[in-house]
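The values are calculated or read from the model by the stated rules, or taken from the named source; none is laboratory data. Remember, it's a predicted structure, so these values are computed and weren't measured experimentally. Cβ placement follows ideal geometry from the backbone for every residue including glycine, while neighbour counts extend to all protein chains displayed. The protein model used for the area step is the full one, side chains on, heavy atoms only, and it has no ligands, DNA or RNA in it. Shrake-Rupley method; radii C 1.70, N 1.55, O 1.52, S 1.80 Å.
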Amino acid sequence: MTLVLPLFPLNLVLFPTDTLNLNIFEPRYLQLVEDCLKNKTNFGIPAFIDTSIRELGAEVRITEISKRYDDGRLDIKTKVMSVFRLLSFKNPVSQEKLYAGGEIERIVFEDDASFSQKENFLAAVSALYRILQLDHDFSEKETLLSFHLGHKLGLSVLEEYELVGLKRESERLAFLMRHLERITPIVSEVERSKERIRLNGHFQNFNPLDFKNDFEKR
């Protein structure tokens, strides 16, 4: 089944379990939001990565207008309803509108992962979080576990995009396990370095989930 949605490209990747808060200020997107509220329709957020609109994105529903500002800006809350493949893109969607639109096809994800695969994945996540001394409360009972944790494991935007392109949960968990096997030793070494710095009296604050610089040096 295909349908046409108003489109709001953003430099991020959304998963089926996500919620997203947005501050709307551009005239075209203020018009988009008002049209969605008036017509009780959803809009699409295709991933905009490396100066290009990618074919995968998320269909979101406006769940709340948090605030209307005197200058016209809006704070809104949204919830992901589905992930889609973008079939066409038109900007603007019509002569009467300021915003873009396009035809999309919703993607159905399979939750085919075994209990043992989920357990092994959560054990690897727990090991990472122990190294980082971060609290966590994850359960293998979660449906689409990969998407529940995908934003919490230090993936780049491109890696998140690759993850959302995998239809089967078993494939997504295998992808994340390879990521954890790669970054956990690096994080462990960073944490040991931080401890040595503490002992020397020169501790600096590090972002524990920002691995980009560490990878670039390797």
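Please list, by residue number, every one of the trypsin sites (Lys or Arg not before Pro) in segment 55-118 that is coil in DSSP and has at most 14 other beta-carbon atoms within 10 Å. Before the final figure, lay out each step's value.
Values: sites: ARG61, LYS67, ARG68, ARG73, LYS77, LYS79, ARG85, LYS90, LYS97, ARG106, LYS118; in loops: ARG73, LYS97.
Sites meeting the loop and neighbour criteria: ARG73.
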Could you work out [θ]222 nm for the chain from helices alone, using -39500 (n - 2.57) per DSSP H run of at least four and dividing by all its residues? Round to the nearest 500 deg cm²/dmol.
-11500 deg cm²/dmol
Along the Cα→Cβ direction, 7 angstrom out, place labels at ALA174 and HIS148. What is the inter-label distance in nm?
2.2
Can you bin segment 23-63 into rounded, prolate or oblate? Criterion: square roots of the alpha carbon gyration tensor eigenvalues sorted a ≥ b ≥ c, rounded for a/c under 1.5, prolate for a/b above b/c, oblate for the rest.
oblate
Low-density loop GluC sites (Glu not before Pro), segment 109-203, at most 16 other Cβ within 10 Å, DSSP non-H/G/I/E/B, are GLU140, GLU142
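Carbon and sulfur together cover what percent of the accessible area of the chain at a 1.4 Å probe radius? Walk me through the numbers on the way to the answer.
Numbers: 6010 of 12420 Å².
Accessible surface attributable to carbon and sulfur in the chain totals 48 percent.
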Selection of trypsin sites (Lys or Arg not before Pro), segment 3-45, meeting DSSP coil and at most 11 other Cβ within 10 Å:
LYS40
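Given the convex hull over the Cα atoms of the chain, what projected area results after averaging over all orientations, in nm²?
Values: hull surface 60.5 nm².
Result: a mean projected hull area of 15.1 nm².
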So, with points 7 Å from each Cα along the Cβ direction, the LYS77-PHE138 label distance in nm works out to 2.6
Which of PHE175, PHE25, PHE48 fluctuates most in a GNM of the chain (C-alpha springs under 10 Å)? That residue is PHE25
Cα lying deepest toward the dipole's positive end in the chain, options SER170, TYR69, VAL157, charges on Cβ
TYR69
Angle between the Cα long axis of helix 27-39 and the longest principal axis of the chain, 0 to 90 degrees, nearest 10?
70
Regression test value, accessible area per residue of the chain, probe 1.4 Å, units Å², expected 57
Over the chain, with a Gaussian network built from C-alpha contacts below 10 Å, which listed residue (PHE109, PHE15, PHE43) shows the highest mean-square fluctuation?
PHE109
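Can you check what the net charge comes to around HIS136, using other residues whose Cβ is under 14 Å from the Cβ of HIS136 (Lys, Arg +1; Asp, Glu -1)?
Details: positive: ARG130, LYS152; negative: ASP135, ASP137, GLU140, GLU142.
So the environment of HIS136 carries a net charge of -2.
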Highest-fluctuation residue, GLY154, GLY72, GLY44 considered, GNM on the chain with Cα pairs under 10 Å
GLY72
